Amino acid sequence: MILRHLQQSGHRPIVLIGGGTSKVGDPTGKDESRVMLTDDIIKQNTDGISKVFQKFLTFGDATPTDAIMVNNDDWLSSISYLEFLRDYGQHFTINRMLSFESVKQRLAREAPFSFLEFNYMILQAYDFLELNRRYDAKLQLGGSDQWGNMISGCELGRRVDGAQLYALTAPLITTSDGKKMGKTAGGAVWLNADKLSEYDYWQFWRNTSDEDVIRFLKLFTELPLEEIETMEGWKGADINKAKIVLADEATTLLHGRDCLKSIHDTIDSMFKGGKSAAASTEGLNRIFVSEDEASEGVKFIDLFVKLELANSKKEARRLIQGGGAKLGEEKIADENAVLNKDSFGGANEVTLRAGKKRAGVVELQ
């Protein structure tokens, strides 16, 4: 969102994809070493990240503000190690690197901290130098946990090229109760539709607490501040209207406004007694079972996990035991119960519900 605002204000965003540094690992804010990725997985991840950025920024070369996307693998993979140490290693001290909070935390907890990861700080600093040389980048944006690495890049640019570079960090977004933002009852909030459906993404924003809705409207939508300010005095049922506005606008930015109709139709039919359920499950997560699987029977606890309505079988069992699991409108009382051909009642799909607001579809193939 920061890049989007800067582009709209006349600046050119340079989106850096970490195809090179992902081969090393980033120790920031983590207690364990990063799992090493293969080239195929790195490319797959890079392609997914690129698609998300393309929804928020305008890329091209038609105007001076058109964004560009670059991959640090283009310069990092061709580096000669000895030459790199000679030219840039002298500008970094172990004393300074050990002073970074992210490193202190790892050492204090006696968590493994390899030399491979230690190099990440140098590589990120070198990235900023290359971005300035190649694309005249002046400002680097990042999370507040990246402050030490970003400052190292500013200092490297000054020492090597005499460049005046800047760093701007954004704080970690937390909810009003102090929890890290970005989690749902089913797990992480993904920006890719194949990881998290438009419906579940919309529900994530709809479930915002009363205390956070106005702040999130200002941070994650492009509504005029004057319009948002009129909602600040809303109470009771009206605050729920503000949450729907937040969900609609945030979902539109990522997935487009066309998906809102199916989302609202699903909600109307499932939770408001509106249109027929058969015509309104389009926006829900969907999995498939074969005729053979249905004949043998598939445990509901497995289906809830596959639909991401529960993070584990243990959680699915608790959901059933607590009375929050339903097949259509009927409670699932037995944690060992199975979905079979009779469960479909002649239809080709059924809806599983977890609580009042989450649901998914099982379709018979």
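Out of everything in segment 106-117 that is in contact (Cβ under 8 Å) with a residue 24 or more places away in the chain and out of contact with any Ser or Thr (no Cβ under 7 Å at 6 or more places or on another chain), what residue ends up being surrounded by the fewest Cβ atoms within 10 Å (Cβ to Cβ)?
ARG109
Among the residues of segment 351-365, write down those that are buried (at least 17 other Cβ atoms within 10 Å of the Cβ) and over 29 Å from the mean Cα position of the chain (by Cα).
Passing the criteria: only LEU364.
Only residues in segment 118-138 that are more than 15 Å from ILE14 (Cβ to Cβ) count as the first member; pair them with residues that are open to solvent by 30 Å² or more (accessible area, probe 1.4 Å) and not in a helix (DSSP H, G or I), Cβ under 8 angstrom, at least 6 apart or cross-chain, and list the lot.
Qualifying pairs under 8 Å: MET121/PHE92; ILE122/PHE92; ALA125/PHE92.
Look at ARG34 and say whether it is at pLDDT 90 or above and either assigned to a loop (DSSP other than H, G, I, E, B) or basic (Lys, Arg) (or both).
no
Looking at ALA242, ALA250, ALA163, which is the one that is closer than 22 Å to LEU3 by Cβ and not in a loop (DSSP other than H, G, I, E, B)?
Matching residue, one of ALA242, ALA250, ALA163: ALA250.
Tell me, which residue of segment 56-66 that is surrounded by 12 or more Cβ atoms within 10 Å (Cβ to Cβ) and either without any contact (Cβ under 8 Å) to a residue 24 or more places away in the chain or out of contact with any His (no Cβ under 8 Å at 6 or more places or on another chain) (or both) is farthest from ARG257 (Cα to Cα)?
ASP66
Working only within segment 218-239, note down all residues that are assigned to a helix (DSSP H, G or I) and hydroxyl-bearing (Ser, Thr, Tyr).
THR230
List every residue pair whose Cβ atoms lie under 7 Å apart, where the two residues are 6 or more positions apart in sequence or sit on different chains, the first residue falls within segment 82-105 and is closer than 17 Å to PHE128 by Cα, and the second residue, located anywhere, is among the acidic types (Asp, Glu) and part of a loop (DSSP other than H, G, I, E, B).
Within 7 Å, no pair qualifies.
Only one of (1) under 17 Å from THR21 (Cα atoms); (2) at pLDDT 90 or above; (3) buried (at least 16 other Cβ atoms within 10 Å of the Cβ) is not met by MET121, so which one is it?
That leaves (2) as the condition not met.
Cβ-Cβ distance below 7 Å, separation of 6 or more or different chains: which pairs start in segment 161-179 with a residue that is among the hydrophobic types (A, V, I, L, M, F, W, C) and end on one that is part of a loop (DSSP other than H, G, I, E, B)?
Between residues of segment 161-179 that are among the hydrophobic types (A, V, I, L, M, F, W, C) and residues that are part of a loop (DSSP other than H, G, I, E, B), the close pairs are LEU165/LYS138; ILE173/MET181.
Can you name the helices (runs of 4 or more DSSP H) wholly within segment 275-334 that have at least 3 residues being farther than 27 Å from TRP190 by Cα and touching a residue at least 24 places away in the same chain (Cβ under 8 Å)?
Result: 291-296.
Can you find a residue in segment 204-213 that is in contact with a strand residue (DSSP E or B) (Cβ under 9 Å, 6 or more places away or on another chain), of a type outside the set (Val, Ile, Thr), modelled with pLDDT under 90 and open to solvent by 60 Å² or more (accessible area, probe 1.4 Å)?
Yes, because at least one residue in segment 204-213 is in contact with a strand residue (DSSP E or B) (Cβ under 9 Å, 6 or more places away or on another chain), of a type outside the set (Val, Ile, Thr), modelled with pLDDT under 90 and open to solvent by 60 Å² or more (accessible area, probe 1.4 Å).
The values are calculated or read from the model by the stated rules, or taken from the named source; none is laboratory data. Bear in mind the structure is a predicted one, so any value in this text is a computation, not a measurement. We place every Cβ from the backbone using ideal geometry, glycine too, and count neighbours over all the protein chains shown. The protein model used for the area step is the full one, side chains on, heavy atoms only, and it has no ligands, DNA or RNA in it. Shrake-Rupley method; radii C 1.70, N 1.55, O 1.52, S 1.80 Å.
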